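The values are calculated or read from the model by the stated rules, or taken from the named source; none is laboratory data. Given the structure is predicted, the values throughout are model-derived calculations rather than measurements. Reconstructed Cβ throughout: ideal geometry from the backbone, glycine too, with neighbour counts over all protein chains shown.
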Amino acid sequence: MSVETGFETISAAVLGERLKSHGNCVLIDVRMPGEFQSVHVQGAVNLPLDSLTAEKVQSACKSASQIPHVICQGGNRSRKACQKLSDLGVATVNIDGGTAACLAAGLPVVRGKGAISMDRQVRIVAGSLAFLGAMLGWFVHPAFHGLSAFIGAGLVFAGVSDICGMGMLLAKMPWNQTKNALT
């Protein structure tokens, strides 16, 4: 366990070994339901980061001895979830590299309907709005260049703060919701 973070980080290969040999770990996937439905490690439980609580994690565990292993797509959201849970006094394990690393390591996964990842959705919307602002500014009125500037500023803020307002808005959209997520 890292003293700086308060939680342990393991590789996808180590997760695979633990899932085979230990009955005391539960896998919590903190991605949005649409992303989870697209592909997830077999046996994972979906508890999205934006509604994650210690109580939900503890209820996902079948016994008090189970250790929550937290996963997302690439490792960023799971790291945030582990830090949040660690601050609440819940011991967790972060999966380095997330679902992408688990796929590369050959862990068994469940594939469902295809969904566009949240990262790609943000890039599509931000790029479209920036392009729209530039075109409207060129052909309609120069004030529309402000839309492109606003989107650019939002992307810089998201990069610096690691808080993406557009991602949070997109996460609430109907196509990113499913009825099967634990909430």
Open item on the list: Just to be sure before I move on: is residue 74 of a type outside the set (S, T, N, Q), closer than 15 Å to residue 10 by Cα and touching a Lys or Arg at 6+ places or on another chain (Cβ under 9 Å) in the structure I sent?
Closed with: no
Task: Residue within the stretch 130-143 that is part of a helix (DSSP H, G or I), assigned by TED's automatic domain parsing to the domain that holds residue 66 and surrounded by 13 or more Cβ atoms within 10 Å (Cβ to Cβ) present - done: no
- [ ] Check the stretch 131-154 and report whether any residue there is of a type in the set (S, T, N, Q) and within 20 Å of residue 15 (Cβ to Cβ).
- [x] no
Open item on the list: Just to be sure before I move on: is residue 104 within 16 Å of the chain's Cα centre (by Cα) and either under 23 Å from residue 175 (Cα atoms) or in a helix (DSSP H, G or I) (or both) in the structure I sent?
Closed with: no
Task: Residue within the stretch 118-125 that is out of contact with any Leu (no Cβ under 7 Å at 6 or more places or on another chain) and farther than 22 Å from residue 32 by Cα present - done: no
TODO: Would you mind stating whether residue 118 is closer than 17 Å to residue 50 by Cα, modelled with pLDDT under 95, surrounded by fewer than 17 Cβ atoms within 10 Å (Cβ to Cβ) and out of contact with any Pro (no Cβ under 8 Å at 6 or more places or on another chain)?
DONE: no
Task: Odd one out for residue 105, checked against (1) among the small types (Gly, Ala, Ser); (2) in contact (Cβ under 8 Å) with a residue 60 or more places away in the chain; (3) not assigned by TED's automatic domain parsing to the domain that holds residue 49 - done: (3)
Open item on the list: Checking the structure you have, find out if any residue of the stretch 3-23 is assigned to a loop (DSSP other than H, G, I, E, B), free of Cβ contacts under 8 Å to residues at least 24 places away in the same chain and of a type in the set (A, V, I, L, M, F, W, C).
Closed with: yes
Open item on the list: Kindly evaluate residue 38 against the criterion of being of a type in the set (S, T, N, Q), in contact with a Lys or Arg (Cβ under 8 Å, 6 or more places away or on another chain) and in contact (Cβ under 8 Å) with a residue 60 or more places away in the chain.
Closed with: yes
Task: Yes/no for residue 130 being free of Cβ contacts under 8 Å to residues at least 40 places away in the same chain, in contact with a Ser or Thr (Cβ under 7 Å, 6 or more places away or on another chain) and more than 30 Å from residue 59 (Cα to Cα) - done: yes
TODO: Answer with yes or no whether residue 75 is touching a Phe, Trp or Tyr at 6+ places or on another chain (Cβ under 7 Å), within 23 Å of residue 166 (Cβ to Cβ) and not acidic (Asp, Glu).
DONE: no
- [ ] Go through 153, 158 for me and flag whichever is of a type in the set (A, V, I, L, M) and modelled with pLDDT of 95 or more.
- [x] 153
- [ ] Return the total of residues in the stretch 80-101 being of a type in the set (A, V, I, L, M) and in a helix (DSSP H, G or I).
- [x] 4
Task: Selection count where residues are in a loop (DSSP other than H, G, I, E, B) and surrounded by fewer than 20 Cβ atoms within 10 Å (Cβ to Cβ), scope the stretch 53-74 - done: 8
